[in-house]
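Some notes on the structure that comes next.
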Amino acid sequence: MSENYRSREERKQAKKQKPEHPKKEKPKKKGSFLRKFLITCLLVGIVTLVAGVSAFFIMVKDAPKLDKAKLEIPLSTKFYDKDGNFIYEYGAEKRTKITYDQVPKVVENAFLATEDARFYEHHGIDYRRTAKAIFLNVTGDFGSQGGSTITQQVVKNYFLTMQKTTKRKVQEWYLAYKLEQQYSKHEILEMYLNKINLGNRSYGIATAAKNYYGKELKDLTLPEAAMLAGLPQGPSIYDPTKPENVKAATERRDTVLYLMNRHGYITKQQMEDAKKVPVTEGLQPSQEATQMPYQGFLDAAVKEIESQIKDVNIGSDGLSIYTTLDPKAQNYADKIMNTEDVINYPNDKFQGAFVFMDTESGEVRAIGSGRGEDKATFKGHNMAVDLDRQVGSTMKPIFDYGPAIEYKQWSTYHQVDDSTFKYSTGQEVRNFDNDHKGPMSMRDALAQSRNVPAVKTAKEVGLDKSQSFAEGLGMTFGQDGVHESTAIGSNAASPLDLAGAYASFGNGGVYHKPHFVTKVVYPDGKEVNFTPKGKRAMKDYTAYMITDMLRSVVDSGTGKAANVPSLDVAGKTGTTNFDDKVLRKYGIPSSANRDSWFAGYTPQYTMAVWTGYDKDGPENYIANKSSSATIAQRMFKAMMSEFGNDKSRFEMPSSVERVNNELYVKGAKKDDVPKINVDAPTGMNPSYDPATQTISLSWAASSDSDVSYAVSYKGSDGSSGSAKVSGTSATISGVKPGVTYTISLVAKKGGSSSDAATATVTVPGGDDSQKKAEDDAKKKAEDDAKKKAEEDAAKKAEQDKQNQNQNQDQNQNNGTTPPGGGTTPPGGGTTPPSGGTPPPGGGTTPGEGNHPNPPADGGNPNKPTQ
């Protein structure tokens, strides 16, 4: 029974296990899935391969042919001036072509160790190096890591563009392989060494040996060969003839020596000995500094191109570059900067930089780019475009008063209050003279460069709106943004930036980015347009009203030294001061200026000028009120006087109206209107002419040419009318015999009129009764006129007394000169000192000198500036 039971149980277990048998056949199903997966992968692989091959052939089908002529003839770049006249050919200097047999082993080994260690092993493409580059590019940015062999570099330099695209890279691989099939390794290395750009106007290794060391190629030493081999990665940054590159050039040279040792070309001892040799040993003077004309201008042009076309090679791409250069203006600019014929400089260290450009188009005609040792060289530091110094009060039209007119429609007579005021941090804003003028017009505040009204204006407009307005004129503010002190110029800029902003005011509110290049033409005829489109940055009324106020700056304000009487000039001065730490360190007077600016324009040209010293030092400052303080203005005047031949004036747009010599936005509420006192005419002389039966009237002319006149009359017979005025005379026609005429003459200016000058004339004739009536009327008129004159005199005396009492009260309360009745002497606004306690938001604060450099280490941040 037990056996049967077990059997039955076993049978039951067997029955239970039977349905599970299919589940145990997993290996069979797993194999089926694997086969399907492999088949799928194979199909995907085939599709991918077909797609890849198709893409490859699509990419290489339009690849350039290996033109042997291109392998022999280098392509130079040509520069042209604004009129299309040829200026200079760059890269066309004699190239010393060498053969492989002329290449010393030390030179070959240096380049192979640095650029292509497996040159003699691959067939145009180093797959190991390429795979590594692809991996790094996939994990980073495409084009961030190169894997090009020397063969690929030959292809790239001779046949392809420098664009980092997949298509160009595929074409590079394809052509590199083909090149290796047609030429030997020695021929390819020869091509490379004859073409490579090594900076310092050196294309090819033999030319570089001559330009850098004055040697034949065969005479180069190990350190010299290593230095040259390191240049292809960055000719402009590793060229040791430029002082600023010496450190980088040394590090790069030493890297080449390390690679030569690593690949077994030199011993460790040779490497160490070569590293001890200064990278500057044996160097010849820079070729670029002695041969190229207009180096500063062409440098700026090339920088503009390189900023817009990536990987462009000016020396070998065969470009035709059409610039905005005016050679005559540039020659005169060089004369200003490099001689004492135009400007007497205080010493050789004194520096200057400026941009002289077309107001309407933004095309730069000439630049001043440093003096002496700081004079710009091609692909070097260029003060006209690279300078970054605080701009001082030249910022006031851009950040304060321009936005006030644009967004709030203030008039030029809008009253601003020059009284004690503090930043939100509690620090006081100070004027250059540490004084306050009380209420004054916006025009006077700008002309006299008062700081307090400027800061108050910017805050009332809103710093965010002021920033937006300024950025529309090409100004930039970096990561820190703007602060209260930006209102008086604590931000930094270059002459190029400032010229672009000011030209917008002169161009009716349209901003054109300043530019040095109009177009670039490639050898195949392809053109790249560099002329930027203009954009409206402000209303036309804002541009004109700022221009009119800036006329006051050069007519009677802080910029009088820049005025050119024959031209319609508008402009603004700006100065900055030293922080307290620098003053103490070098013993500099507290009133000294660190920077002195002038930016101005006419309808034809715009110019922004910076002057000062490149580095701080005991004697490196601009003494307040010295002749050096006006050099920037005199540079402006010299250029404008020499080339400003457009005598036209800025035209007032229909959106602006003039009331009593102040400007208002038409249709806007007139916040304040100036009252003008007009003197009554004198020397009035009436006479009757029987022949013509007319009364003639003449009077003395006013010294004010803006004054006009009006003549009216009233007869004893009830007649009345007005007479036509011509200059300082008038005629009343159709007079009647026996009638007595009372004549009134008033002077007018703006919306104001003078008191009337009166006279009576009786025309002869008529009966006795009529004559008696007329005599009575005449006597009554004289009595009435006398009585009225006495009443007017009494009223005027009473008003004068009241005004005098009010002014005395105001002087006692404010301790300031009352507004109205007297011209406030021109001054200058303060700008913040460099380095001190920042105003709200973390910016620099105005200081207690003459400019806007922030104070250092908690120094006094409120020094005045103009």
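Coordinate-derived values only; no laboratory data. Because the structure is a prediction, the values reported are computed rather than measured. Cβ placement follows ideal geometry from the backbone for every residue including glycine, while neighbour counts extend to all protein chains displayed.
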Full-stretch length increase - D101, K615 - with 0.36 nm per residue and alpha-carbon distance subtracted: 180.0 nm
Rounded FRET efficiency, nearest 0.05, which uses the C-beta distance separating K513 from Q284 and R0 of 41 Å: 0.60
Alpha-carbon spread of the stretch 90-286, three principal axes, descending order, Å: 43, 36, 30
Local electrostatic count at D704 - Lys and Arg +1, Asp and Glu -1, tallied over other residues with Cβ under 14 Å: 0
Fewest-first sequence of S703, S411 by Cβ atoms within 10 Å of each Cβ: S703, S411
log₁₀ of I(q)/I(0) at q = 0.10, 0.12 Å⁻¹ - the stretch 185-296, Debye sum with one point per alpha carbon: -0.28, -0.41
P(r) of the stretch 649-694 over all Cα-Cα pairs, binned every 10 Å from zero, in whole percent: 18, 27, 17, 17, 19, 2
Ranking of Y541, Y502 by count of other Cβ atoms within 10 Å, fewest first: Y541, Y502
Likely footprinting exposure, R551, R594, R365, R658, fewest C-beta neighbours within 10 Å first: R658, R551, R365, R594
Additional length obtainable on full extension of the chain from S468 to D706, 0.36 nm per residue less Cα span: 81.8 nm
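Roughly speaking, what % of Cα-Cα pairs in the stretch 212-361 are separated by over 18 Å, rounded to a whole number?
On the way: 7825 of 11175 pairs.
The answer is 70 percent, as a whole percent.
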In nm, spacing of pseudo-spin labels at S320 and S626 (7 Å Cα→C-beta vector): 5.1
Semi-axes of the equivalent ellipsoid for the stretch 488-611, Cα gyration tensor, largest first, Å: 32, 22, 13
For Y709, distant residues with modelled amide H under 5 Å away: K748
D435-T221 FRET efficiency (beta carbon distance; Förster radius 60 Å; 0.05 resolution): 0.30
Long-range HN-HN contacts of D418 with modeled amide H, under 5 Å: K437, G438, M440
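Let me check I've understood the local charge: for R118, count other residues with C-beta under 12 angstrom from its C-beta, Lys and Arg +1, Asp and Glu -1. What total comes out?
Local net charge: -1.
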Neighbourhood net charge (9 Å Cβ-Cβ; Lys/Arg +1, Asp/Glu -1) for Q415: -3
Approximate spin-label separation S655-T339, in nm, with each point projected 7 Å along Cα-to-Cβ: 4.6
Projected label distance in nm at F37 and N529, using a 7 Å step from Cα toward the beta-carbon: 5.8
In sequence order, calculated HN-Hα J values of the stretch 215-229 (Karplus, 6.51, -1.76, 1.60; Hz; x Gly/Pro): 10, 6, 4, 5, 9, 5, 8, 4, x, 5, 5, 5, 4, 5, 5
FRET E, pair K328, K796, Förster distance 56 Å, beta-carbon r, rounded to 0.05: 0.40
Residues in the stretch 694-727 reached by a label modelled at N685 [backbone nitrogen below 13 Å; 7 Å Cα→Cβ]: 696-701
The stretch 673-763, Cα convex hull volume normalised per residue, Å³: 91
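Which length gain, in nm to one decimal place, applies between S566 and N645 when the Cα-Cα distance is subtracted from 0.36 nm times their residue separation?
Roughly 27.5 nm would be gained on extension.
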